[in-house]
Amino acid sequence: MKLSFGVKVLVVIICALASFIIGAVAGYLSHEPGARHRHAVLFGGGVFIGVMTLCLTVLGSLGVLSVDAT
């Protein structure tokens with residue numbers, strides 16, 4: 001795909017925002033009453049890393065993030 005650098009940056013930013021939202025929701029849902037907040041934060045962070053890795057892997061395999069040598 002021939003996308004400009006600005007469009008590629010926007011796609012990565014959208015992936016990061018979606019990963020953040022999914023990680024925040026996962027952390028909120030994993031929190032148990034009376035438990036420490038750090039466990040939920042660590043769980044949400046792990047989900048963020050996993051989703052961001054998945055998004056970048058899919059974008060890379062589709063050729064969205066590839067460098068076009070012209």
| task | Give the range 30-40 a look and list any residue that's surrounded by fewer than 11 Cβ atoms within 10 Å (Cβ to Cβ), in a helix (DSSP H, G or I) and not basic (Lys, Arg), or say none. | result | His37
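Is it fair to say Phe43 is open to solvent by 80 Å² or more (accessible area, probe 1.4 Å), touching a helix residue (DSSP H, G or I) at 6+ places or on another chain (Cβ under 6 Å) and free of Cβ contacts under 8 Å to residues at least 40 places away in the same chain?
Numbers: open to solvent by 80 Å² or more (accessible area, probe 1.4 Å): yes; touching a helix residue (DSSP H, G or I) at 6+ places or on another chain (Cβ under 6 Å): yes; free of Cβ contacts under 8 Å to residues at least 40 places away in the same chain: yes.
Yes; evaluated as a whole, the condition is true for this residue.
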| request: Give just the number: which of (1) loosely packed, with under 12 Cβ neighbours inside 10 Å; (2) outside any loop (DSSP other than H, G, I, E, B) does Asp68 not satisfy? | output: (2)
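Being β-branched (Val, Ile, Thr), more than 20 Å from Asp68 (Cα to Cα) and either in contact (Cβ under 8 Å) with a residue 12 or more places away in the chain or not in a helix (DSSP H, G or I) (or both) is the filter here; which residues of the range 1-24 pass it? Outline the logic, then answer.
Here is the first cut: in the range 1-24, the residues β-branched (Val, Ile, Thr) are 7, 9, 11-14, 21-22.
Within this subset, residues satisfying the condition of being more than 20 Å from Asp68 (Cα to Cα) are 13-14, 21-22.
Hit for the range 1-24 is Ile22, nothing else.
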| note | Exception for Phe48 within (1) open to solvent by 60 Å² or more (accessible area, probe 1.4 Å); (2) without any contact (Cβ under 8 Å) to a residue 12 or more places away in the chain falls at (2)
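The values are calculated or read from the model by the stated rules, or taken from the named source; none is laboratory data. Just so you know, these numbers come straight off a predicted model, no measurement behind them. Reconstructed Cβ throughout: ideal geometry from the backbone, glycine too, with neighbour counts over all protein chains shown. Ligands, DNA and RNA are stripped out before the accessible areas are found, and what is left, the full protein with its side chains, is counted by its heavy atoms. Shrake-Rupley method; radii C 1.70, N 1.55, O 1.52, S 1.80 Å.
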